[in-house]
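Written out below as structure tokens is the structure these notes cover.
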Amino acid sequence: MTSSLGVYAAEPAYPILAHSLLQAPSDSLTNGRDVRLDSEPGQNWNLKDDWEQGIQKSGNGIFRCGVVVGISRLKSRSKDTDEYVGQIPRYLLTSHLLNTGPSSSETSAFIIHPNNFDALAPRLLLHALQSTNVNTTTAMTTMATRSTAAASHPQQAGLSRTDALKYLDSVQLLPVQSLPNAAQAINTVSDALQKLQDKRRSAAEPERPVVLIVAGLDTLAEAIIRASNPLRGTALLAATLRNVNRLARTHGSWLSIILVNTSGLGPAHYDLTPSVETDQVEKPRKEMPRKVSGEDHIYSLFPSPGGPLLSTLLMKTLDQGIDTHVLLSNVKAAQVAEVIKDRTGPGLGKWGIWSPRR
């Protein structure tokens with residue numbers, strides 16, 4: 001009787017995330033064998049599977065239509081440029097263009113970016129298309145058809161300059177100089193998307209995915225904060241993000257929105273003692289307490305020095321306008337992308353080693 005009462009009086013077990021029980025790669029995250037293990041099928045924690053699949057119209061993929069995906073990096077960890085945070089968006093955009101095919105009748109991608117943001121410059125997009133190994137017939141089909149065609153047709157060399165320019169004809173660039181300019185550009189895209197939707201409905205055309213990439217809203221808001229005050233900058237950023245979210249919900253069945261944040265998350269300076277170059281790199285933070293009482297409690301799965309990732313009002317405001325947040329950081333010699341927030345799906349905790357093939 002005494003032992004029975006003791007059982008019922010026992011404390012409940014502390015909850016843990018299921019993915020923390022997965023065995024991490026044994027040695028180095030960057031050797032060829034570990035990278036292949038990272039891409040084994042059936043491991044739904046692997047974020048690499050999501051960016052390899054590209055933009056999806058439906059399902060539980062991270063890069064799916066109807067949600068706002070934010071891609072950020074850690075602040076002041078290294079001398080990172082816009083190229084560091086722009087590689088994955090460029091890869092997704094290139095894959096989207098190849099899957100959609102060249103089209104002169106409608107725009108398949110909109111890019112709103114500050115004038116000094118070069119990661120999505122036309123020359124880099126052109127080079128990415130020309131350096132991609134892709135079958136010409138495959139590139140003009142959907143993702144489902146693409147996988148079938150690739151099995152029966154050998155891959156050919158990258159696109160010629162002429163063919164690559166045809167794909168770029170469907171990309172509309174909107175460079176901006178300030179946050180009000182960016183808000184105006186978002187309204188311009190909204191009008192274009194509404195006209196596209198009306199055209200498709202009247203002609204009974206299929207709803208092919210369209211990608212909207214907005215880069216540097218956080219940096220543009222910081223400029224207002226420096227010139228005025230934090231409340232004005234965050235208020236304008238919040239209003240702009242509401243318009244972005246409205247677009248995602250209005251055209252949720254075929255619009256994919258990616259926010260590329262250029263200023264970074266976390267405090268401006270990190271305490272690098274102990275150094276991040278330790279054996280803890282191979283092991284995501286298994287015993288890290290995850291608070292769920294508010295969305296400002298955002299953490300990385302990997303040990304990261306310094307304070308919380310959302311350390312300022314600007315960063316918290318930015319994160320509130322994002323459904324799925326992907327963080328880029330260096331783990332030893334590898335660049336790792338991890339999902340630190342997924343408001344509408346099961347993606348929280350997914351991670352993968354970014355090894356571009358294009």
Checklist entry - Which one of the conditions (1) over 22 Å from the mean Cα position of the chain (by Cα); (2) surrounded by 15 or more Cβ atoms within 10 Å (Cβ to Cβ) does Asn229 fail to meet, given that it meets all the rest? => result (2)
Checklist outcome for this item: Taking first residues from segment 101-121 that are assigned to a loop (DSSP other than H, G, I, E, B) and second residues anywhere that are at pLDDT below 90, the pairs with Cβ under 7 Å that are 6 or more apart or on different chains are Gly101/Ala139; Gly101/Met140; Ser108/Thr100; Phe117/Asp82; Asp118/Asp82; Ala119/Asp82
Item to check | Selection count, segment 180-226, where residues are surrounded by 15 or more Cβ atoms within 10 Å (Cβ to Cβ), modelled with pLDDT under 95 and out of contact with any Ser or Thr (no Cβ under 9 Å at 6 or more places or on another chain) | outcome: 1
Next on the checklist: Restricting to segment 310-335, name every residue that is without any contact (Cβ under 8 Å) to a residue 60 or more places away in the chain and among the hydrophobic types (A, V, I, L, M, F, W, C).
Outcome noted: Leu310
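So which of Arg33, Arg77, Arg64 is at pLDDT below 60 and crowded, with 19+ Cβ neighbours inside 10 Å? Walk me through it before giving the result.
Details: Arg33 fails: crowded, with 19+ Cβ neighbours inside 10 Å; Arg64 fails: at pLDDT below 60.
Arg77 is the lone residue from the list that is at pLDDT below 60 and crowded, with 19+ Cβ neighbours inside 10 Å.
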Checklist outcome for this item: Taking first residues from segment 56-77 that are more than 20 Å from Ile186 (Cα to Cα) and second residues anywhere that are among the charged types (D, E, K, R) and assigned to a strand (DSSP E or B), the pairs with Cβ under 9 Å that are 6 or more apart or on different chains are Gln56/Arg64; Lys57/Arg64; Ser58/Arg64; Ile62/Asp342
Checklist entry - (1) modelled with pLDDT under 85; (2) touching a Pro at 6+ places or on another chain (Cβ under 8 Å); (3) among the charged types (D, E, K, R): which one isn't true of Asp169, the others all being true? => result (1)
Checklist outcome for this item: Only unsatisfied item for Ile213, checking (1) more than 20 Å from the chain's Cα centre (by Cα); (2) aliphatic (A, V, I, L, M); (3) closer than 23 Å to Lys75 by Cα, is (1)
Checklist entry - Checking Gly266 against (1) at pLDDT below 95; (2) within 14 Å of Ile322 (Cβ to Cβ), which test does it fail? => result (2)
Checklist entry - Taking segment 226-245 as the region of interest, how many residues are outside any loop (DSSP other than H, G, I, E, B), farther than 14 Å from Met315 by Cβ and not basic (Lys, Arg)? => result 9
Item to check | Filtered residues of segment 186-225 (kept if part of a helix (DSSP H, G or I), within 22 Å of Gly70 (Cβ to Cβ) and not hydrophobic (A, V, I, L, M, F, W, C)) | outcome: Asn187, Thr188, Ser190, Asp218, Thr219, Glu222
Item to check | Test: residue in segment 193-213 that is small (Gly, Ala, Ser) and touching a residue at least 60 places away in the same chain (Cβ under 8 Å) | outcome: no
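The values are calculated or read from the model by the stated rules, or taken from the named source; none is laboratory data. This one's a predicted model, so the numbers in the text were calculated from it and none came from an experiment. With ideal geometry, Cβ positions are generated from the backbone for all residues, glycine too; neighbour counts draw on all protein chains shown.
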